[in-house]
Number of protein chains: 4
Amino acid sequence: MVKKPAPDATRRSQRSRRAIYEAALALVVEEGYPRTTVEGIAARAGVGKQTIYRWWSSKADVLLEAFLDLGEQAARQAGYEPYSVPDTGDLAADLKAVLRATVDELVDPRFEAPWRALAAEGLVDEQLGREFVAKLLEPQLDLYARRLRAAQAAGAVRPDVDPRIGLELFVSPLAQRWLQRTAPISHAYTDTLVDYALYGLAPR
Amino acid sequence: MVKKPAPDATRRSQRSRRAIYEAALALVVEEGYPRTTVEGIAARAGVGKQTIYRWWSSKADVLLEAFLDLGEQAARQAGYEPYSVPDTGDLAADLKAVLRATVDELVDPRFEAPWRALAAEGLVDEQLGREFVAKLLEPQLDLYARRLRAAQAAGAVRPDVDPRIGLELFVSPLAQRWLQRTAPISHAYTDTLVDYALYGLAPR
Amino acid sequence: MVKKPAPDATRRSQRSRRAIYEAALALVVEEGYPRTTVEGIAARAGVGKQTIYRWWSSKADVLLEAFLDLGEQAARQAGYEPYSVPDTGDLAADLKAVLRATVDELVDPRFEAPWRALAAEGLVDEQLGREFVAKLLEPQLDLYARRLRAAQAAGAVRPDVDPRIGLELFVSPLAQRWLQRTAPISHAYTDTLVDYALYGLAPR
Amino acid sequence: MVKKPAPDATRRSQRSRRAIYEAALALVVEEGYPRTTVEGIAARAGVGKQTIYRWWSSKADVLLEAFLDLGEQAARQAGYEPYSVPDTGDLAADLKAVLRATVDELVDPRFEAPWRALAAEGLVDEQLGREFVAKLLEPQLDLYARRLRAAQAAGAVRPDVDPRIGLELFVSPLAQRWLQRTAPISHAYTDTLVDYALYGLAPR
DNA sequence: GGATAAGCGAGACGGTACGTCCTGTCTTCAC
DNA sequence: GTGAAGACAGGACGTACCGTCTCGCTTATCC
């Protein structure tokens with residue numbers, strides 16, 4: 001099998017890379033993902049198409065990296081340690097606070113458009129989906145898992161509970177409502193989710 | 001605004017309609033959604049492209065109807081009352097049984113391929129997403145809501161719990177794991193979900 | 001071979017026939033021949049497509065009959081004997097008079113559009129071309145041939161001249177200039193043609 | 001008005017251009033002009049449709065250039081100076097010789113099919129018609145005009161005759177007979193045309 | 001005068017081609 | 001040897017018509 005010689009990353013134009021990120025994100029927000037094309041990104045970035053195909057394998061791939069970069073930039077600006085679940089000792093309050101912030105973030109179109117696009121692409125394209133989960137989803141979920149483990153140590157969560165499953169009780173419902181638009185989301189809603197998740201549906 | 005005169009549905013060819021359904025589903029299963037084209041569906045169904053565009057607005061629209069039709073056919077064969085949540089009096093057991101069956105179903109490629117494709121398309125195309133939810137998701141969720149309400153009447157679920165939210169505690173995690181492949185699914189997993197959802201994470 | 005039973009002409013709707021003629025001619029004048037479609041003719045005539053296909057084999061066929069009908073109508077109005085070459089005894093004067101009238105007629109768009117369309121179609125479609133020539137061209141040329149024969153009898157044309165060829169010396173140049181737009185046409189031009197044709201190019 | 005940026009002709013693929021010419025001419029000869037499609041030309045030439053639409057505006061336009069190129073090639077092979085009217089001093093003989101050669105050429109299907117198609121298209125599409133006349137017809141007619149002017153200098157044609165009109169007396173009849181199939185053509189016919197044209201129809 | 005069969009308006013159908021858009025590759029030239 | 005530029009082969013898009021067909025509805029004999 002004849003393999004293309006890998007391009008020399010050390011000579012890569014950072015100027016072009018950034019321009020492509022910006023163009024990709026802007027187009028997805030302005031035009032929507034399906035109407036965003038590699039050609040359009042190249043034109044807007046003032047870049048040849050080949051420069052995109054040399055470094056990425058598809059427009060989804062470009063968008064994924066662009067979106068990750070956006071997150072890193074935001075993190076850098078916010079003084080690092082951007083997303084984390086606080087630990088005030090009150091588990092319910094901590095979770096509610098973080099989920100409320102998440103709800104607020106989910107409505108920002110600069111965030112929503114690329115996220116939806118990547119999530120959608122990942123549903124159908126398994127390879128991209130795994131990358132999307134590993135790089136974007138998993139890190140977030142880990143923060144909740146860590147907090148739950150701390151709560152277990154403090155006795156606020158039963159010791160036999162699997163934190164990786166436990167967190168899904170409040171995270172997945174929010175994710176589904178938002179992504180699939182099965183119902184509206186709100187602070188009240190996420191508060192309720194936390195309460196149900198911690199204390200269950202059955203009478204005590 | 002120039003409006004196309006609506007086609008006369010009474011003169012519609014049922015033969016073609018069925019052939020299109022079958023072709024669309026088969027192609028999505030065999031080739032994958034992105035490689036499925038309107039042209040391909042038309043060719044496989046032995047139909048003119050215009051016949052597709054006359055009755056549907058996009059390949060996603062075709063697939064949605066085809067999939068709904070598939071469900072109806074399956075229901076008819078199964079002697080109606082296809083999907084329902086049983087009520088043996090034991091809420092946990094009933095939910096676990098249904099979710100186990102669901103897990104089994106989710107791996108059938110005849111089901112998985114179109115469902116993923118429609119879900120993905122619905123994430124990005126709001127109009128289609130709402131139709132997808134209303135016609136495919138909501139009816140299923142209703143069954144759980146009904147069962148939870150019955151459980152409330154029987155005292156097995158706290159009366160102040162909102163069933164529409166409560167059901168999400170076990171349904172959404174399964175949905176997310178399967179759709180986004182965040183983690184594997186199994187009978188053990190859904191059993192655990194039901195337990196956590198009913199009795200909470202906090203110690204009793 | 002299974003042959004379609006010929007339609008019963010006695011039950012044919014004259015109303016539809018006339019409406020189709022009018023629609024065809026109007027569309028060719030207004031939209032041009034290539035943009036005139038069978039569907040468009042049917043719609044404008046308030047007629048089903050099948051009614052056209054029942055009686056004609058192509059849009060060119062429709063247009064040919066429509067144009068012939070137009071000619072007959074014009075003839076009927078003009079009190080029959082519409083086109084003819086007069087015989088005042090002065091051959092040159094007679095030919096010039098008729099050709100001048102022809103030049104005037106050739107600029108009428110109601111005449112020009114269908115004629116050009118039919119001529120063009122006839123160049124490529126031999127069958128239609130022969131019909132076009134037989135029904136539209138030949139009758140006109142015959143009038144000239146007859147006049148030339150009369151002139152031979154009167155001694156104004158050499159007896160050994162073949163009238164069918166002789167007439168082409170002034171008719172064909174006008175036809176070519178007009179059809180192919182090789183040069184402008186005018187009364188002066190046709191007068192000159194007649195002079196050259198009768199007396200030749202070589203010095204006397 | 002939004003104008004497409006003109007494509008860069010210096011980077012044009014000559015390989016494709018020639019393949020398109022050949023495919024277009026072959027298809028017109030083999031299938032006939034109406035059954036020749038842009039798609040068919042592209043397929044036969046092993047070329048994308050866009051490559052055709054990038055450089056030409058219609059199939060007629062392609063064919064016109066292809067035919068002109070064919071002429072140039074033939075000229076190049078024949079050692080340049082392909083078509084000309086000889087001047088032996090005997091005007092009648094010279095004209096007869098050229099017209100006889102023309103008659104022979106008109107029956108070659110490699111010539112006839114594209115020529116008819118272009119002529120037909122030119123009758124209806126004025127822009128194409130003017131190009132057809134300017135590039136294909138006019139140069140040929142000029143040769144006759146030149147020969148007639150030489151004959152005037154030699155006293156073989158009356159000095160007051162307009163050569164541009166005079167040549168039509170024998171050229172246009174042949175053109176019309178061939179194009180419109182009003183009557184068969186032959187060497188005898190063109191000989192007669194020359195005689196009539198030079199010496200007129202009226203007795204001397 | 002009631003049956004029956006044809007022409008008719010309408011338009012859905014299987015197809016073909018259109019002209020456009022975009023993909024991913026390749027080539028050219030500038031830096 | 002990367003990058004901007006963009007031509008290229010390919011292929012799907014959604015539209016426009018083709019010529020055939022089927023559907024009810026009129027209409028016009030013919031029994």
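Kindly list the number of the only condition in (1) within 14 Å of another protein chain (Cβ to nearest Cβ); (2) open to solvent by 40 Å² or more (accessible area, probe 1.4 Å); (3) β-branched (Val, Ile, Thr) that fails for D:Val28.
(2)
Open to solvent by less than 70 Å² (accessible area, probe 1.4 Å) and either within 16 Å of DNA strand F (Cβ to nearest atom) or of a type in the set (Asp, Glu) (or both), is that true of B:Ala9?
So B:Ala9 fits the description; yes.
Residue check, D:Ala175 against (1) open to solvent by 20 Å² or more (accessible area, probe 1.4 Å); (2) farther than 14 Å from D:Leu106 by Cα; (3) not in a loop (DSSP other than H, G, I, E, B), all met but one. Which one?
Tallying (1) open to solvent by 20 Å² or more (accessible area, probe 1.4 Å); (2) farther than 14 Å from D:Leu106 by Cα; (3) not in a loop (DSSP other than H, G, I, E, B), D:Ala175 fails exactly one: (2).
Within segment C:192-202, is there a residue that is within 30 Å of C:Pro109 (Cα to Cα), under 22 Å from the mean Cα position of the chain (by Cα), facing another protein chain (nearest Cβ under 7 Å) and open to solvent by 20 Å² or more (accessible area, probe 1.4 Å)?
No - not one qualifying residue is present in segment C:192-202.
Which of (1) touching a Lys or Arg at 6+ places or on another chain (Cβ under 7 Å); (2) in the same structural domain as D:Asp90 (by TED's automatic domain parsing) does D:Arg204 not meet, given it meets every other one?
Of the numbered conditions (1) touching a Lys or Arg at 6+ places or on another chain (Cβ under 7 Å); (2) in the same structural domain as D:Asp90 (by TED's automatic domain parsing), the odd one out for D:Arg204 is (2).
Can you tell me how many residues within segment C:108-122 are at pLDDT 95 or above and open to solvent by 60 Å² or more (accessible area, probe 1.4 Å)?
The total comes to 1.
So which residues in segment A:42-51 are in contact (Cβ under 8 Å) with a residue 24 or more places away in the chain, of a type in the set (Gly, Ala, Ser) and either touching an Asp or Glu at 6+ places or on another chain (Cβ under 8 Å) or surrounded by 13 or more Cβ atoms within 10 Å (Cβ to Cβ) (or both)?
Result: A:Ala45, single match.
Does A:Ala60 satisfy being more than 14 Å from DNA strand F (Cβ to nearest atom), surrounded by 19 or more Cβ atoms within 10 Å (Cβ to Cβ) and either aliphatic (A, V, I, L, M) or more than 25 Å from the chain's Cα centre (by Cα) (or both)? Before the answer, list the steps.
On the way: more than 14 Å from DNA strand F (Cβ to nearest atom): yes; surrounded by 19 or more Cβ atoms within 10 Å (Cβ to Cβ): yes; either aliphatic (A, V, I, L, M) or more than 25 Å from the chain's Cα centre (by Cα) (or both): yes.
Considered against the rule, which asks whether it is more than 14 Å from DNA strand F (Cβ to nearest atom), surrounded by 19 or more Cβ atoms within 10 Å (Cβ to Cβ) and either aliphatic (A, V, I, L, M) or more than 25 Å from the chain's Cα centre (by Cα) (or both), A:Ala60 comes out as yes.
Taking segment D:37-47, which residues are near DNA strand E (Cβ under 7 Å from one of its atoms) and of a type outside the set (A, V, I, L, M)? If you could, list the steps in order and put the result at the bottom.
Taking segment D:37-47 first, the residues near DNA strand E (Cβ under 7 Å from one of its atoms) are D:37-40.
Within segment D:37-47, D:Thr37, D:Glu39, D:Gly40 qualify.
Within segment D:182-191, can you find the residues that are open to solvent by 40 Å² or more (accessible area, probe 1.4 Å) and of a type outside the set (Val, Ile, Thr)?
Here is the first cut: in segment D:182-191, the residues open to solvent by 40 Å² or more (accessible area, probe 1.4 Å) are D:184-188.
Passing the criteria: D:Pro184, D:Ser186, D:His187, D:Ala188.
Run B:Phe67 past the list (1) of a type in the set (Phe, Trp, Tyr); (2) more than 16 Å from DNA strand F (Cβ to nearest atom); (3) within 14 Å of another protein chain (Cβ to nearest Cβ) and report the number of the one that doesn't hold.
(3)
Can D:Leu99 be described as under 13 Å from the mean Cα position of the chain (by Cα) and either among the charged types (D, E, K, R) or not assigned by TED's automatic domain parsing to the domain that holds D:Ala23 (or both)?
Considered against the rule, which asks whether it is under 13 Å from the mean Cα position of the chain (by Cα) and either among the charged types (D, E, K, R) or not assigned by TED's automatic domain parsing to the domain that holds D:Ala23 (or both), D:Leu99 comes out as no.
A:Glu72 fails exactly one of the following numbered conditions: (1) within 14 Å of chain B (Cβ to nearest Cβ); (2) at pLDDT below 95. What is the number of that condition?
Just one mismatch for A:Glu72, condition (1).
Based on this model, can you work out whether A:Glu105 counts as within 14 Å of chain B (Cβ to nearest Cβ) and either modelled with pLDDT under 95 or away from DNA strand E (no atom under 16 Å from the Cβ) (or both)?
The answer is no for A:Glu105.
Just one of (1) in a loop (DSSP other than H, G, I, E, B); (2) surrounded by fewer than 13 Cβ atoms within 10 Å (Cβ to Cβ); (3) in the same structural domain as B:Leu193 (by TED's automatic domain parsing) trips up B:Asp87, so point out which.
(2)
Residue under question is B:Arg54, and the condition is that it be more than 10 Å from DNA strand F (Cβ to nearest atom), away from chain A (no Cβ under 14 Å), open to solvent by 70 Å² or more (accessible area, probe 1.4 Å) and farther than 30 Å from B:Leu143 by Cα; does it hold?
On the way: more than 10 Å from DNA strand F (Cβ to nearest atom): no; away from chain A (no Cβ under 14 Å): yes; open to solvent by 70 Å² or more (accessible area, probe 1.4 Å): yes; farther than 30 Å from B:Leu143 by Cα: yes.
So B:Arg54 does not fit the description; no.
The values are calculated or read from the model by the stated rules, or taken from the named source; none is laboratory data. Note that this is a predicted model, so its numbers are computed, not measured. Positions of Cβ are backbone-derived with ideal geometry, glycine not excepted, and every protein chain shown enters the neighbour counts. Side chains included, ligands, DNA and RNA excluded: accessible areas come from the protein's heavy atoms. Shrake-Rupley method; radii C 1.70, N 1.55, O 1.52, S 1.80 Å.
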